[in-house]
Amino acid sequence: MKKIAIIGAGGFGREVKMLIDHINQKEKQFDLVGFYDDKHYDHPINGIPYLGKLEKINEETEPLCIAVAIGDPKTKKKIIESISSSNIEFPNLIHPSVIIGQDNVKLGKGNIICAGVIITIDIEIEDFVILNLSCTVGHDTKIKKYSSFMPTVNISGEVIINEAVYVGTGAKIINLLEIGENTIVGAGAVVYKSLPANCTAVGIPAKPIKYNN
């Protein structure tokens, strides 16, 4: 088994611990050695040791897999870019219940794909994408690096999601649209028109309510 540690000991980090447990129940792949988090813990987290702050990752002298359990795309990107150790590997973590089409689905590295997700056909998912519980991704969709999708997001076919997009719980994105980089789509929103970069969009239909630096 490969040794693995989780970045982020909060709620989602603990859910990723559960995800690893479920992967191992089907086929033993990972030995979970602990959590890294810049918040100090003086006790184990759900029975798993606290390994220290994130800076300690670059001190690793042996091969170690890392799961980045951080939902906010900008924070996630900053953390990943700070990791320089050549001993670190970023595997895809895919729950055994996930349905992935066999026709031309491409996955990068470091993706976290949770229980109940459906990924159909002719889809490209780049690196460090989170698809939380029961998301669906339709045909001919491309999702770029660092984007995060909260539970039950539905993405229709032929959608382009650019880098570091955050989509809140239960949002829906209809087909033939593009979401600009660094954009936030609010929980429950329904996206009928493409959205520009660096905005926060909410509502039905989703409309930008502010632009982010």
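The values are calculated or read from the model by the stated rules, or taken from the named source; none is laboratory data. Quick caveat, the model's predicted, so the values are computed rather than measured. Heads up, the Cβs are rebuilt from the backbone with ideal geometry, glycines too, and the neighbour counts pull from every protein chain shown. Please note that ligands, DNA and RNA were not included when accessible areas were found on the heavy atoms of the full protein model with its side chains. Shrake-Rupley method; radii C 1.70, N 1.55, O 1.52, S 1.80 Å.
Which distance in Å, rounded to a whole number, links the C-alpha centroids of segment 1-30 and segment 192-213?
When both Cα centres are located, 34 Å separates them.
How about segment 1-57: which GluC sites (Glu not before Pro) there are in a DSSP loop, with at most 11 other Cβ atoms within 10 Å of their Cβ?
Filter output for segment 1-57: GLU27.
Where the accessible area of segment 2-91 is counted over protein heavy atoms with a 1.4 Å probe, how much of it, in %, is carbon and sulfur?
Ligands and nucleic acids excluded, carbon and sulfur give 47 percent.
Note down the magnitude of the dipole of the chain about its Cα centre, charges +1 on Lys and Arg C-beta and -1 on Asp and Glu C-beta and zero elsewhere, to the nearest 20 debye.
It comes to approximately 480 debye.
Just for the Cα atoms in segment 8-81, what are the lengths along the principal axes, largest first, rounded to whole Å?
33, 26, 25
Magnitude of the Cβ-charge dipole of segment 94-202, K/R +1 and D/E -1, about the Cα centre, nearest 20 debye?
The dipole magnitude comes to about 240 debye.
Nearest 500 deg cm²/dmol is fine: what mean residue ellipticity at 222 nm does the chain get from its DSSP H runs of n ≥ 4 alone, each adding -39,500 (n - 2.57), divided by its residue count?
-3500 deg cm²/dmol
Just going by the charge dipole of the chain, with Lys and Arg at +1 and Asp and Glu at -1 on Cβ, which of PHE149, ALA69, ILE94 is farthest out on the positive end?
Value: PHE149.
Give LYS26/LYS78; LYS109/LYS207; LYS39/LYS172; LYS144/LYS207; LYS144/LYS172; LYS145/LYS207 a once-over and call out the pairs whose C-alpha atoms are over 28 Å from each other.
Beyond 28 Å: LYS26/LYS78; LYS109/LYS207; LYS39/LYS172.
Based on Cβ point charges of +1 for Lys and Arg and -1 for Asp and Glu, what charge dipole magnitude is obtained for segment 144-213 about its Cα centre, in debye rounded to the nearest 20?
160
As I understand it, the value is the acute angle between the Cα axis of helix 11-26 and the longest principal axis of the Cα atoms of the chain; what does it come to in degrees, rounded to 10?
80
Return P(r) of the chain (all Cα-Cα pairs; 10 Å bins starting at 0; whole %; ordered from short to long distances).
Final binned percentages: 9, 35, 34, 18, 4, 0.
Per residue, how large is the accessible surface of the chain? Use a 1.4 angstrom probe and give square angstrom.
Computed with neighbouring chains in place, this is 48 Å² per residue.
Which of the aspartates and glutamates could be linked to LYS142 by a straight reach, that is with a Cα gap under 14 Å, when you skip same-chain ones fewer than 8 residues away?
Filter leaves ASP122, GLU124, GLU126, ASP127, GLU158, GLU163, GLU178, GLU181.
Longest exposed-loop-site-free stretch of the chain, with trypsin sites (Lys or Arg not before Pro), DSSP loop and at most 14 other Cβ within 10 Å?
Maximal segment without exposed cleavage sites: 110-192.
In whole percent, and with a 1.4 Å probe on the protein chains, what portion of the accessible area of segment 94-202 is carbon and sulfur?
Of all accessible area on segment 94-202, carbon and sulfur atoms account for 53 percent.
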